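In what follows, a structure is listed as structure tokens, so that the remarks can point back to it.
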Amino acid sequence: MKSPLLSLPGAVPAEGVDEGVAAHYGDLFREQRALADGTGFVDLSHRGVVTVTGDDRLSWLHLLLTQHVSELPPGEATEALVLSANGHIEHALYLVDDGTTVWAHVEPGTQGALIAYLESMKFFYRVEVEDRTADIAVVYLPAGSIAEVPEGGAVRETPYGRDLFVPRADLESYPAKAGPPAGLLAYEALRVEHHQPRLGFETDHRTIPHELGWIGTAVHLQKGCYRGQETVARVQNLGKPPRRLVFLHLDGSDVHLPPHGTEIRVADDGTDGGEGRRIGFITTSVRHHELGPVALALVKRNVPVDARLLAGETAAAQEVVVTP
């Protein structure tokens, strides 16, 4: 679904899963600085929007999601996961309840599979699940923003800013109310700075929540009765996850950022013909307006925290996100 804001001056379209919105509007670092200062907004209208209504909506979702939502107060933002039977992450939901409706935004293109799963679990519960992507768009306002919040949609407020669920028909006129737009690359740079994982970027087919630091923020350890809970409890109580999320400072002399999937090796490891053992991969790499080139990556849990790493041919120093 192509955003009308791609017609704004300087807009350069994003690619891949984020196709349909602007990657930037001509000045990446200016856009980042504006968001960091609490001004501007980001068009996230490519994301899927799902609503759940009905008297049983919270108690029903409580049985399906990793988060404790049975008593979620109206207006309180939270996030939750849907896991496979083996505890692997399948969906990530960013939620808020407005008193009558649960609003959630999800990764672009994943709402169909999510809704199919939810529909299969309705049974006798008084709930209605709806795909609202066609008529509701998501807009992000950074923390500290004083921009006008339009009527007709929900607001999900977090320490990092506000996610607005606005009528898609109002999206084209929103820049006049919210100030200069910032592209998705600026938004992603701040996400990486804050060590926030993203489904499909920091996850693969075998990722479990412990590896990404989603325990506590998206997974509530004092509840059970959801698919995959046995794996969560077993790893939490009896072991450690096989991998861990790290934050990388990349060598700034390289012109190109290592793309998603770039292999990470230990620089001082002389095995494999001097190339080093593969110990992980880049999940997201960005250029930050203050930190320079940085990235998130998944590495094996037992990699020493002071090990010198290579992301492809790029030297990298790690900061701990998930404790070994």
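The values are calculated or read from the model by the stated rules, or taken from the named source; none is laboratory data. Since the model is a prediction, treat every value here as computed from it, not as a measurement. A quick note on method: Cβ atoms are made from the backbone with ideal geometry, for glycine too, and the neighbour counts reach across all protein chains shown. Heavy atoms of the whole protein, side chains included, go into the accessibility calculation; ligands, DNA and RNA do not. Shrake-Rupley method; radii C 1.70, N 1.55, O 1.52, S 1.80 Å.
Observations
- Among the residues making up region 120-152, those that are polar (S, T, N, Q) and either in contact with a Leu (Cβ under 8 Å, 6 or more places away or on another chain) or in a loop (DSSP other than H, G, I, E, B) (or both) are Thr133, Ser145.
- Some residue of region 188-199 being in contact (Cβ under 8 Å) with a residue 60 or more places away in the chain and open to solvent by 70 Å² or more (accessible area, probe 1.4 Å): no
- Scanning region 239-268 for residues that are of a type outside the set (A, V, I, L, M, F, W, C) and more than 15 Å from Ile282 (Cβ to Cβ) yields a count of 7.
- Filter result (part of a loop (DSSP other than H, G, I, E, B), in contact with a strand residue (DSSP E or B) (Cβ under 8 Å, 6 or more places away or on another chain), within 14 Å of Leu309 (Cα to Cα) and not hydrophobic (A, V, I, L, M, F, W, C)) within region 243-269: Asp251, Pro258, Thr262
- Subset of region 107-129 (residues that are open to solvent by 20 Å² or more (accessible area, probe 1.4 Å) and acidic (Asp, Glu)): Glu119, Glu128
- Scan of region 156-204 for residues that are farther than 17 Å from Tyr25 by Cβ, of a type in the set (Phe, Trp, Tyr) and not in a loop (DSSP other than H, G, I, E, B), ordered by number: Phe165
- Meets criteria (without any contact (Cβ under 8 Å) to a residue 60 or more places away in the chain, surrounded by fewer than 18 Cβ atoms within 10 Å (Cβ to Cβ) and part of a loop (DSSP other than H, G, I, E, B)) for Asp306: yes
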